[in-house]
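Below you'll find the structure, written out as structure tokens, and then a few comments.
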Amino acid sequence: SRFETCWPALMKDSHGVIIIFNPELPSHLKEIEMWYSCFVQQQPLLDSQCLLVAHHKPGSAGDTENLSLAYPLNKLKLIHSNLEEDPEDVRMEFLKYFKSIITLMNESREREEMSIIS
């Protein structure tokens, strides 16, 4: 929280938010609600502009099936990253996410250009 004064600068003109957390730490599960509230809801960004990454450390149990997040986090795209097992899978998910952000940016730019013309 000592960085909170920097947040407005970080948020300015941002098009997407990626929140990476350790699903094995209960404190992280509470903190991601705060990050979501500050960086997504208050901006406001669409939920599709936010990506949650549950990062499993090497050698951790990595129970990817039973991570149930409460509303509103359960509406967000959630990927599990375990770089020991499946780095390619994570890479593909990141690419999909970035493509969706670029598509959104292009659409909003086209809308702005149309509103200037008309």
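Observations on the structure shown:
- Check on Trp35, in contact with a Phe, Trp or Tyr (Cβ under 9 Å, 6 or more places away or on another chain) and open to solvent by 70 Å² or more (accessible area, probe 1.4 Å): yes
- Going through (1) of a type in the set (Phe, Trp, Tyr); (2) under 14 Å from the mean Cα position of the chain (by Cα); (3) open to solvent by less than 50 Å² (accessible area, probe 1.4 Å) one by one, Trp7 falls short only on (2).
- Residues considered: Leu95, Leu67, Leu51. Of these, the only one that is at pLDDT below 85 and among the aliphatic types (A, V, I, L, M) is Leu67.
- The residue that is most open to solvent (accessible area, probe 1.4 Å), among those in the stretch 38-57 that are more than 19 Å from Ile102 (Cβ to Cβ) and among the polar types (S, T, N, Q), is Gln42.
The values are calculated or read from the model by the stated rules, or taken from the named source; none is laboratory data. Note that this is a predicted model, so its numbers are computed, not measured. No Cβ is skipped: glycine too gets one built from the backbone with ideal geometry, and neighbour counts run over all protein chains shown. Surface areas here come from the heavy atoms of the whole protein model, side chains and all, with no ligands, DNA or RNA. Shrake-Rupley method; radii C 1.70, N 1.55, O 1.52, S 1.80 Å.
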